[in-house]
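Asker: Following this message is one structure expressed as structure tokens.
Where a number appears in this text, it was derived from the coordinates with a stated rule and is not lab data. Remember, predicted model here, so these are calculated numbers, not experimental data. A quick note on method: Cβ atoms are made from the backbone with ideal geometry, for glycine too, and the neighbour counts reach across all protein chains shown.
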């Protein structure tokens, strides 16, 4: 048997589920593979583990491992689809997938490149607000949410009793980013989140604001948008201006 065929046969026995009749040595490898991946998942998804409890969490992790075998040498990125997997496994409990996404996003944000805060005086140099584009924090991750998963996460991370699960009719947004070498997150109401989403895909600030105000003709959002911008600068969500869009 060639080396490649031997390796493929070895891998096939490790991945097989249920486990075939194996030698004692192969049983060790078969178990160790799953234990290693389970350990990595438990480290990444600590608050999901706390929320689901041992049995439900480990059952979900093992089911995920069987459907998503590791394909890389490093375990750093393993389990990135766990939130989507949990959404399918617990369709009536969206807070579970949202907790998983937050667990993973905070780790990803921490590993992302650092960015300096944008000095608010830089806005004074903007020559044409019709074309200016903001550069968002490179660590930014975001998604819509339907529950109070952020509040659950905060309580679980502090070993406190989590609040009652709440579900919302209107979609909110959850943003995760990094400043001062620390990951952080915040829930955004629908309008603010819509504006962040537009900026995240490269839309100009003026155009994004125009779209938002056009979609909400019964509200004057001008002052609110100004307040959001000030908050984004203070929080480090906005970290730069497109150099081609400002005047000297």
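Asker: Multiply the residue gap between residue 186 and residue 68 by 0.36 nm, knock off their C-alpha separation, and tell me the result in nm, one decimal place.
Answerer: Result: 39.5 nm gained on full extension.
Asker: While we're here: Simple spin-label model, 7 Å along Cα-to-Cβ: residue 119 to residue 155 in nm?
Answerer: 4.5
Asker: Going by C-beta contacts inside 10 Å, put 156, 102 in order with the fewest on the left.
Answerer: 156, 102
Asker: Also, I was wondering about something else. Using 0.36 nm per residue of separation minus the Cα-Cα distance, give me the extension gain between residue 215 and residue 59 in nm, one decimal.
Answerer: Fully extending the segment from residue 215 to residue 59 adds 51.7 nm.
Asker: Using only the Cα atoms of segment 114-248, build the gyration tensor, take square roots of its eigenvalues as a ≥ b ≥ c, and label the shape rounded, prolate or oblate: rounded if a/c is under 1.5, else prolate if a/b is larger than b/c, else oblate.
Answerer: It is oblate, given that a/c is not under 1.5 and a/b is not larger than b/c.
Asker: Follow-up. Once the Cβ-Cβ distance between residue 166 and residue 235 is put in as r, and R0 is 25 Å, what FRET efficiency do you end up with, to the nearest 0.05?
Answerer: 0.55
Asker: Using alpha carbons only, how many angstrom separate the centre of segment 96-129 from the centre of segment 167-214?
Answerer: Distance between centres, Cα-based: 11 Å.
Asker: What would the Debye formula give as log10 I(q)/I(0) at q = 0.17, 0.18, 0.31 Å⁻¹ for the alpha-carbon point model of segment 143-192, no solvent?
Answerer: For segment 143-192, the Cα-only Debye profile gives -0.57, -0.64, -1.14.
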